[in-house]
Structure formats: structure tokens, C-alpha cells
Amino acid sequence: MTKDVLISISGLHTETWNDKAYEAMAYEEDGAIEVVTPANYYWKNGKHYVLYDEVVEGMAGTIKNKIKITGNERIEIMKTGLSNAHMVFEKDKKNLTYYEMPLGQILVSVNTRKMEVDVTEHNIDVMVEYELDVNHEPLADCQIRMNIVPRGKTGLQP
């Protein structure tokens, strides 16, 4: 894989929560995102690293993102700048982190249910399914997909 890559990130979440007064009722809302952006790729000490900047609409500054893929068992997403977080995804494990944003800090936990990483000479595909909790309350069931290919290569998959 070359240093100059394109990363496609698509995510889907289904928000759910139960109101204490109306426990029988649940609110659900689907949200989907997709981003394709240039990135830098590195292979170091048996791990894949992908670095890219994220622009936040309506705000000055950026978020620097670093994704570290350790085989099929661990994926880390580290954010610095306008938001700061270190999210760790490990299959069948729940990991906690503080997610700092311009308006404050929240406690986030991710409970990774499924994780697939497929690496070839010119492509890295990642799929993670997880439960997202905020301040110890279930918030959403989520899925994130990443596809990393050399810039200029055809076959970018969302």
C-alpha cells in the first residue's frame, strides 16, 4: 500500500432510549454518514496507521484523526483538536473513554459486538458493529465501515 490513500468511512446508527416514565415506549432514529477523504497510510511495528484531517462545518479548526489497526483484534480511533477522544474497539469487550467537544465532555463506552478486518496488497476493509452508551445510558446501535485504497486506484468501496 502506498503512503497516499483515500479513506471511505460510512456509518449507520440507530438511536434508542427508554424514558423512565414511558418504559414501554422506545424512540428510534436512523442516521447515516459517509465521508471520502485523502489520508496518509503507514505500516509500523506490525500495525496499520491511517491519518487524516476532518473539517467541522461552521467551526474554525480541524480534528486530526489517527486510526490504528492491530490485526483482526483491535482498532483504535484517536481524535485531537476541536474534539479529543481515544476510542478502542475490541470484539466482545466494552471500552470507556471521555469524548471532549467544544461544548463539554461526555463519558462514552463502546461495546464491540462484531469486527472484521480484511487486508490485501492494495485494500483494507474494516467493519465494526457496536453499542454506544453515553454517561452509562444506551444511546445507539452503530455500524462503521472503512475502506482504504491507494489514491488513483479504482474500486473504492463505500
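Looking only at the stretch 67-84, count every residue that is of a type in the set (A, V, I, L, M, F, W, C), closer than 20 Å to residue 127 by Cα and touching a Ser or Thr at 6+ places or on another chain (Cβ under 9 Å) and tell me the total.
Qualifying residue count for the region: 1.
How about the stretch 83-105: which of its residues are more than 25 Å from residue 116 (Cβ to Cβ) and either of a type in the set (Gly, Ala, Ser) or assigned to a loop (DSSP other than H, G, I, E, B) (or both)?
Scanning the stretch 83-105 gives 83, 102, 103, 104.
May I ask you to verify whether residue 155 is within 19 Å of residue 9 (Cα to Cα) and at pLDDT below 95?
yes
Tell me yes or no: at least one residue of the stretch 140-150 is at pLDDT below 95, surrounded by 17 or more Cβ atoms within 10 Å (Cβ to Cβ) and among the charged types (D, E, K, R).
Scanning the stretch 140-150 turns up at least one residue that is at pLDDT below 95, surrounded by 17 or more Cβ atoms within 10 Å (Cβ to Cβ) and among the charged types (D, E, K, R).
Of the residues that make up the stretch 61-82, is at least one crowded, with 17+ Cβ neighbours inside 10 Å and not in a strand (DSSP E or B)?
yes
Please determine, by comparing only the residues of the stretch 1-31 that are surrounded by 10 or more Cβ atoms within 10 Å (Cβ to Cβ), modelled with pLDDT under 90 and among the aliphatic types (A, V, I, L, M), which one is nearest to residue 81 (Cα to Cα).
Among residues in the stretch 1-31 that are surrounded by 10 or more Cβ atoms within 10 Å (Cβ to Cβ), modelled with pLDDT under 90 and among the aliphatic types (A, V, I, L, M), the one nearest to residue 81 (Cα to Cα) is 12.
Within the set of pairs 6+ apart or on separate chains, which have a first residue in the stretch 51-78 that is without any contact (Cβ under 8 Å) to a residue 60 or more places away in the chain and on the phi > 0 side of the Ramachandran plot, a second that is surrounded by fewer than 16 Cβ atoms within 10 Å (Cβ to Cβ) and part of a loop (DSSP other than H, G, I, E, B), and C-beta atoms under 8 Å apart?
Going by the 8 Å Cβ cut-off, the qualifying pairs are 71/46.
The values are calculated or read from the model by the stated rules, or taken from the named source; none is laboratory data. Nothing here was measured: the structure is a model prediction, and the numbers come from that model. Backbone-built Cβ (ideal geometry, glycine too); neighbour counts: all protein chains shown.
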